[in-house]
Amino acid sequence: EALDKRRLGELIDLFTNISFATTDAKDLLGQVYEYFMGMFADSEGKHGGEFYTPRSIVKLLVEMLEPYKGRVYDPCCGSGGMFVWSEKFVEEHAGRIDDIAVYGQELNETTWRLAKMNMAIRGIDADIRRGDTLTHDQLPDLKADYIIANPPFNISDYNINKAETHKWKYGIPPTGNANYAWLQHFVSKLAPYGTAGIVLANGSMSSEIATEGDIRKAMIEADLVDCMVSLPAQLFYNTQIPACLWFLARNKTETTKFRNRSNEVLFIDAREFGTMISRKQRELTDNNIASIADMYHKWRSKEQFAEYKDIAGFCKSANMQDIRKNNYILTPGRYI
């Protein structure tokens, strides 16, 4: 009788919301682990997002990139959620887990331990190093087929290793904001046909502060930007500000699977998507994720491109002339 009724309700909600439709003990333990990671991130407030990216955002990145085979890299991997969903994606599409190799780096020692634990619980073989990626890259020779990352937004207290001149070929990032240091680090890590999906603050799409506008222009002219997605607000535990997704491609020429997308960028506006799962938290639904990912797949696919069409208010395939007219600003609302 002394039991807190609200706590009892939360316990019932827990068992209602977790699917136990599995006979795999590792998978079940992993589900429970992920649940508590999410609850901890929520209770930690602004610090929660330092180690945990909400599941719906991770799922969207993975569904868009489709990491079937190759090396998957996250240089600010937090507790390793990106790796978990990459492995789930391969399993769900009848692929072989042995076909992907996982690499990561994490600065915070406690978070690094959480990532190692997360991988061990799920039986994922991952090479996760500890250290500051921008000053001490622990995987200097790695070239990744897929990069999936959520670096800390707008971080001002950071440094770069200026000796790594190959990373800063588009410009030295400003001292007050690491966004363009991260973007250039990702580019430097891509294999010849590698692709990257990155979560960044909205300001990264239009900022002209210090060298940021020049770096963005140089990256666009180098034809590295493949797709931009605007996300709704309230998706994150640690900030209420809306964010965006950058999708980078090392080479956009024709392959066996993809059409030639040279000098084209797909813009998607998903600001009205999502559903509130609490008073302060929004989540992208499975239908939302499918709508965004399907549009990207049709746009870049050799076989499906005939099915792609611009949709007012949602998506637009823009060319380099369109982007130059907009002064190299990559905010989807400018184009759709």
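When we screen Thr133, Thr110 for residues that are surrounded by 16 or more Cβ atoms within 10 Å (Cβ to Cβ) and β-branched (Val, Ile, Thr), the only hit is Thr133. Counting only residues that are in a loop (DSSP other than H, G, I, E, B) and open to solvent by less than 60 Å² (accessible area, probe 1.4 Å), how many does region 278-291 have? Residues flagged as in a loop (DSSP other than H, G, I, E, B) and open to solvent by less than 60 Å² (accessible area, probe 1.4 Å) within region 278-291 amount to 4.
When you check Lys167 against the structure, is it outside any strand (DSSP E or B) and open to solvent by less than 10 Å² (accessible area, probe 1.4 Å), yes or no? Talk me through it step by step, then tell me what you get.
On the way: outside any strand (DSSP E or B): yes; open to solvent by less than 10 Å² (accessible area, probe 1.4 Å): yes.
Yes.
Give region 64-93 a look and list any residue that's aromatic (Phe, Trp, Tyr) and either in a loop (DSSP other than H, G, I, E, B) or modelled with pLDDT under 85 (or both), or say none.
Step one: list which residues in region 64-93 are aromatic (Phe, Trp, Tyr), which gives 68, 73, 83, 85, 89.
Within region 64-93, Tyr68, Phe83, Trp85, Phe89 qualify.
If only residues of region 246-277 that are surrounded by fewer than 18 Cβ atoms within 10 Å (Cβ to Cβ) and of a type in the set (A, V, I, L, M, F, W, C) are counted, the one that is nearest to Lys316 (Cα to Cα) is Met276.
Looking across region 144-164, the residues that are open to solvent by less than 60 Å² (accessible area, probe 1.4 Å) and either among the charged types (D, E, K, R) or assigned to a strand (DSSP E or B) (or both) come down to Ala144, Asp145, Tyr146, Ile147, Ile148, Ala149, Glu164. For region 50-63, taking the residues that are surrounded by 24 or more Cβ atoms within 10 Å (Cβ to Cβ) and outside any loop (DSSP other than H, G, I, E, B), the one that is modelled with the lowest pLDDT is identified as Val62.
One residue stands out in region 178-203 among those that are polar (S, T, N, Q) and surrounded by fewer than 22 Cβ atoms within 10 Å (Cβ to Cβ): the one that is nearest to Ser156 (Cα to Cα), namely Asn202.
Among residues of region 235-264 being within 19 Å of Trp182 (Cβ to Cβ) and outside any loop (DSSP other than H, G, I, E, B), the one that is farthest from the chain's Cα centre (by Cα) is Ala249. So is Gly131 small (Gly, Ala, Ser) and over 18 Å from Gln105 (Cα atoms) or not? No; evaluated as a whole, the condition is false for this residue.
Can you confirm whether region 188-196 contains a residue that is part of a loop (DSSP other than H, G, I, E, B) and within 23 Å of Leu65 (Cα to Cα)? Show your work before the answer.
First, pick out the residues of region 188-196 that are part of a loop (DSSP other than H, G, I, E, B): none.
Checked region 188-196: no residue is part of a loop (DSSP other than H, G, I, E, B) and within 23 Å of Leu65 (Cα to Cα).
Evaluated against (1) hydrophobic (A, V, I, L, M, F, W, C); (2) open to solvent by less than 10 Å² (accessible area, probe 1.4 Å); (3) without any contact (Cβ under 8 Å) to a residue 40 or more places away in the chain, Ala243 falls short on exactly one condition, (3). For region 292-312, state whether one or more residues are surrounded by fewer than 17 Cβ atoms within 10 Å (Cβ to Cβ), touching a helix residue (DSSP H, G or I) at 6+ places or on another chain (Cβ under 9 Å) and within 22 Å of Ser207 (Cβ to Cβ). For region 292-312, residues surrounded by fewer than 17 Cβ atoms within 10 Å (Cβ to Cβ), touching a helix residue (DSSP H, G or I) at 6+ places or on another chain (Cβ under 9 Å) and within 22 Å of Ser207 (Cβ to Cβ): absent.
The values are calculated or read from the model by the stated rules, or taken from the named source; none is laboratory data. Model, not experiment: these values are computed from the prediction. Cβ atoms come from the backbone with ideal geometry, glycine included; neighbour counts cover every protein chain shown. We work out accessible area using only protein heavy atoms, side chains counted, and drop any ligands, DNA or RNA first. Shrake-Rupley method; radii C 1.70, N 1.55, O 1.52, S 1.80 Å.
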